[in-house]
1. Of the numbered conditions (1) open to solvent by less than 70 Å² (accessible area, probe 1.4 Å); (2) part of a helix (DSSP H, G or I); (3) at pLDDT 95 or above, PHE2 fails exactly one; give the number of that condition.
Amino acid sequence: MFREDEEAAYFRTKEEFIQKLDLYLTDDKRRSSVARSGYQRVISDGHDIVSRMKSMLSMVIVTELQRGCV
């Protein structure tokens, strides 16, 4: 799970959503920090598109090998 207000912003209510919008729209430094940290977390945890595609293709190849199709 991403760390709240460090790597991602979460909200539970409409009011909290609006508060978060106001906060991040007026605090460039905080917004950039959360965005940068969140991006680094995505990359380091392998959630980027390249890592996901490698994983999916690997599963397809293994499945096809098990079925004797390759």
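1. The one condition PHE2 does not meet is (2).
Yes/no matrix, rows are residues, columns are (1) over 19 Å from the mean Cα position of the chain (by Cα); (2) of a type outside the set (D, E, K, R):
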site: LYS20; (1), (2): no, no
site: LEU23; (1), (2): yes, yes
site: ARG36; (1), (2): no, no
site: ARG41; (1), (2): no, no
site: SER44; (1), (2): no, yes
site: HIS47; (1), (2): no, yes
site: VAL50; (1), (2): no, yes
site: LYS54; (1), (2): no, no
site: ILE61; (1), (2): yes, yes
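The values are calculated or read from the model by the stated rules, or taken from the named source; none is laboratory data. These figures come from a predicted structure and were not determined experimentally. Accessible surface areas use protein heavy atoms only, side chains included; no ligands, DNA or RNA. Shrake-Rupley method; radii C 1.70, N 1.55, O 1.52, S 1.80 Å.
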